[in-house]
Amino acid sequence: MFKEKIRAWYKRNQPAIKETVDTVVFVVVMVIIIRFFIGEIRWIPSGSMKPTLVEGDRIFVERFSRFYKTPERGDIMVFYPPFTELKNTPWKLFSRLTGFFCKDIAYIKRVIGMPGDKFELKQDKEGRSLVYINDKPLEEPYVKSVYDYTPCTEAMYCGPFIIPEDEYFMMGDNRGNSQDSRYWGTLPEDRFVGKAVFLFWPFTRVKTLH
C-alpha cells in the first residue's frame with residue numbers, strides 16, 4: 001500500500017522532479033566551470049596581509065591567467081600550503097571544484113621570491129628587516145612595518161639560498177604575524193589556486209589589488 005502511494009506520488013510529480021534535478025545539475029556544472037576557469041570569491045580570516053587586506057575582507061580571485069602565465073613578484077596569491085594534504089578522491093575533487101563542504105586549508109600571501117632568485121632576509125643597523133633578492137634590497141611599500149618582524153632562527157628559511165625551479169617564496173605583508181615561507185619553505189607552482197585581483201567588500205575598502 002505504501003509503495004503504491006509512493007509510485008503514484010512520483011508519477012504525479014515526475015515532471016517537476018525532473019526539472020528540479022536538471023536545474024541542480026546545471027547549477028553544479030556552471031559553478032565548477034566558473035570556479036575552475038574564471039574565478040571565485042574568498043574571505044580573509046586573519047591579519048597576516050595587513051594593511052593590504054584585513055579580517056573580514058571579501059575578495060575576487062581570478063583563475064584564468066594561470067592557463068597562459070606564471071605568478072609574478074608582488075602578486076597576491078591564494079594557494080594550498082605544502083603541509084596541506086590534498087586528497088584526490090572523487091568527493092575531495094568535487095568539494096574543491098565547487099567549494100561545497102571544502103575543508104582544505106588555503107592561505108593568501110604575496111609572491112616575494114621567484115624561481116632562480118637568491119633569497120635572503122637581513123636586519124640592518126637601524127633594526128629594519130629587509131628582503132634581499134639577488135643581493136639587492138627589495139622595495140616593499142606594502143609591508144606593514146620593516147621593524148615588526150619575527151626574528152629569524154635556525155629553524156626558519158631566512159637564507160641565503162637559491163629558490164628552486166617552479167617554486168616560489170611567499171610572505172604576508174604583516175611580517176610580524178604571518179605563517180609563511182619563512183616557516184615552511186618554498187611553494188611549488190602547482191599549489192596555486194588563483195590571483196587575488198579585487199577587494200569588493202566592505203564598500204569602504206573597495207579597490208583593485210596590484
Considering residues of segment 25-56 that are small (Gly, Ala, Ser) and surrounded by 13 or more Cβ atoms within 10 Å (Cβ to Cβ) only, the residue nearest to residue 181 (Cα to Cα): 48
Residues located in segment 89-138, provided they are β-branched (Val, Ile, Thr) and surrounded by 13 or more Cβ atoms within 10 Å (Cβ to Cβ): 98, 108, 111, 112, 131, 133
Hey, any hits in segment 91-114 for a residue that's without any contact (Cβ under 8 Å) to a residue 40 or more places away in the chain, hydroxyl-bearing (Ser, Thr, Tyr) and either assigned to a strand (DSSP E or B) or touching a Lys or Arg at 6+ places or on another chain (Cβ under 6 Å) (or both)? no
Is it the case that segment 33-45 has a residue that's at pLDDT 95 or above and in a loop (DSSP other than H, G, I, E, B)? yes
Might you let me know whether segment 57-71 holds any residue that is open to solvent by 20 Å² or more (accessible area, probe 1.4 Å), in a helix (DSSP H, G or I) and touching a Ser or Thr at 6+ places or on another chain (Cβ under 7 Å)? no
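Residue 127 - would you say it is touching a residue at least 24 places away in the same chain (Cβ under 8 Å) and among the small types (Gly, Ala, Ser)?
No; evaluated as a whole, the condition is false for this residue.
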Whether any residue in segment 160-175 is modelled with pLDDT under 95 and either surrounded by 14 or more Cβ atoms within 10 Å (Cβ to Cβ) or touching a Pro at 6+ places or on another chain (Cβ under 8 Å) (or both) is what I want to check. no
Unmet requirement for residue 79, which otherwise passes all of (1) surrounded by 14 or more Cβ atoms within 10 Å (Cβ to Cβ); (2) of a type in the set (A, V, I, L, M, F, W, C); (3) farther than 17 Å from residue 187 by Cβ: (3)
In segment 82-112, how many residues are at pLDDT 85 or above, touching a strand residue (DSSP E or B) at 6+ places or on another chain (Cβ under 7 Å) and closer than 16 Å to residue 40 by Cβ? 3
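The values are calculated or read from the model by the stated rules, or taken from the named source; none is laboratory data. Keep in mind that this is a model prediction, so the values were computed, not measured. In this analysis, Cβ positions are derived from the backbone assuming ideal geometry, glycine residues included, and neighbour counts consider all displayed protein chains. Areas reflect the complete protein model, heavy atoms only, side chains present, ligands, DNA and RNA absent. Shrake-Rupley method; radii C 1.70, N 1.55, O 1.52, S 1.80 Å.
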